[in-house]
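The values are calculated or read from the model by the stated rules, or taken from the named source; none is laboratory data. Remember, it's a predicted structure, so these values are computed and weren't measured experimentally. Note: ideal-geometry Cβ built from the backbone for every residue, glycine included; neighbour counts use all protein chains shown. Side chains are part of the model used for accessible areas, which takes the heavy atoms of the whole protein and leaves out ligands, DNA and RNA. Shrake-Rupley method; radii C 1.70, N 1.55, O 1.52, S 1.80 Å.
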Amino acid sequence: QVQLVESGGGLVQAGGSLRLSCAASGRTFSRYGMGWFRQAPGKEREFLAAITTSGTTYYADSVKGRFTASRDNAKNTVYLQMNSLKPEDTAVYYCAATPRSYYYYNSEYDYWGQGTQVTVSS
């Protein structure tokens, strides 16, 4: 069992930056690939980024070059650094954990955090 808690969301102006954190419980955190998703009102949950157990990262085209995923296994924490934020980045952001090696689909993730709101003003 893995419990995930996101933090770091908030209100930021367009062009600004935020860093989201996702703290995980449990001693097996390093065995999980971690993903970041977001969901805007009226839209489906969208894959943003993933980081494997070995630190390899994958990104959606919509955030590539602006968002960076990282992890600190000693702290059981994964991060999402978000730069050059746009109003269309406004959404609830979620982290998730998967024991599998497929990262792009919601269904591959077994554990989810409660989400943190990110609002980007124009």
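Which of the peptides 70-77, 112-119, 89-96, 37-44 is most tightly packed, and how do the rest follow, going by the mean number of other Cβ atoms within 10 Å of each residue?
For the peptides 70-77, 112-119, 89-96, 37-44, the packing ranking is 89-96, 112-119, 70-77, 37-44.
Evaluate the Debye formula for the range 1-88 with equal point scatterers sitting on the alpha carbons, no solvent, and hand back log10 of I(q)/I(0) at q = 0.23 Å⁻¹, in q order, two decimals.
For the requested q values the scattering log ratios are -1.23.
What percent do you get for the relative contact order of the chain when only Cα pairs under 8 Å and 6+ apart count?
36 percent
Glu108 accessible area, nearest 10 Å², 1.4 Å probe?
Spelled out: Glu108, probe radius 1.4 Å, area about 40 Å².
What is the packing order of peptides 81-87, 54-60, taking the mean over residues of other C-beta atoms within 10 Å and listing the highest first?
In descending order of packing, they fall as 81-87, 54-60.
Quick one: what are the phi-derived ³J(HN,Hα) couplings along the range 46-61, Karplus 6.51/-1.76/1.60 with θ = phi - 60°, whole Hz, x for glycine and proline?
With coefficients 6.51, -1.76 and 1.60, one gets 10, 5, 10, 7, 8, 9, 7, 4, 8, x, 5, 10, 9, 9, 6, 4 Hz.
For the range 55-118, count the residues as N, evaluate 2.2 N^0.38 Å, and divide the Cα radius of gyration by that value, please.
The range 55-118 yields a ratio of 1.16.
Could you go through the range 39-44 in sequence order and give the Karplus-derived ³J(HN,Hα) for each residue, using 6.51 cos²θ - 1.76 cosθ + 1.60 with θ = phi - 60°, rounded to whole Hz, and x for Gly and Pro?
Calculated HN-Hα couplings, in order: 9, 8, x, x, 10, 6 Hz.
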